[in-house]
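Below is one structure, written out as structure tokens, with a few remarks after it.
Bear in mind these aren't lab numbers, they're just calculated from the coordinates by the rules spelled out. Quick caveat, the model's predicted, so the values are computed rather than measured. Virtual Cβ from ideal backbone geometry, glycine too; neighbours counted across all protein chains shown.
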């Protein structure tokens, strides 16, 4: 249950309630959590996982489920279900064949081709992670209370745009028009949940494109191994205007069954 942060308890000293541990200020909580996020981000490529994508666009909903496998330095998405139904035996066999062909292709790459492929993957990872890494610089933070979320006792931190923040990239410009809430595990300082939404339009590319209110994202994470946490759920709703075209859609992704990379690849080779 949500409750406000009690700021007067430390003043009681060693009275009837005894000593009360000091609560770190909001900025310090967030900075510690960003350190954890960066460590998790570095470790993530060591893991395979299962990903289910649900896309809702123009009233139509479709879903795909993939086994995401790290192969020779970048991921490969092997389709395993469509619209909530397993693939037919024929389609399963076709996906297995495509996987083996891709593995063989990557193993036969020239060093230059492999470097180009892996570099593209790393660029995409940096772009995807930029919003989260920049949050500590882009926002002012206020500790508003504590809540239990997904079984974890959390600090609740409100985030609002920081005056004078200059986004370093086109992707991070959207932060100037966003506000949100962070739920940070009190023991491990990991992000349990983050929700942010656009509350004022943000223009890109000489006002050719606008991200409008109604755009939002929610990230949830769970512990995978030891102090390593990885995403369990990500939802993004987009409301944007590009020239005269309107883009509105929701992408809902869930991530499960993390395991050390290479196991599934070895099984595929043996089939």
(message) Between 0 and 90 degrees, rounded to the nearest ten: what's the tilt of helix 26-43 against the longest Cα principal axis of the chain?
(response) 20 degrees
(message) Springs between alpha-carbon pairs under 10 angstrom, Gaussian network model over the chain: which of 29, 80, 166 fluctuates most?
(response) 166
(request) At 0.36 nm per residue, minus the direct Cα-Cα distance, what do residue 79 and residue 200 gain on full extension? Give it in nm, one decimal, please. (result) 39.8 nm
(message) Between residue 257 and residue 148, what is 0.36 nm times their sequence separation minus the Cα-Cα distance? Round to one decimal in nm.
(response) 36.9 nm
(message) Compute a Gaussian network model of the chain, connecting alpha carbons closer than 10 Å, and tell me which residue from 203, 240, 93 fluctuates the most.
(response) 93
(message) Using Cβ counts within 10 Å as a stand-in for footprinting exposure, how do 217, 139 rank, fewest first?
(response) 217, 139
(request) Quick one: among 163, 261, 67, which has the greatest mean-square fluctuation in a GNM of the chain with alpha-carbon springs under 10 angstrom? (result) 163
(request) Over every pair of different alpha-carbon atoms in the range 152-244, take the mean of 1/r and invert it; report that Kirkwood radius in Å. (result) 14.6 Å
(request) Give, in nm to one decimal, the length gained when the segment between residue 162 and residue 248 is fully stretched (0.36 nm per residue of separation minus the Cα-Cα distance). (result) 28.2 nm
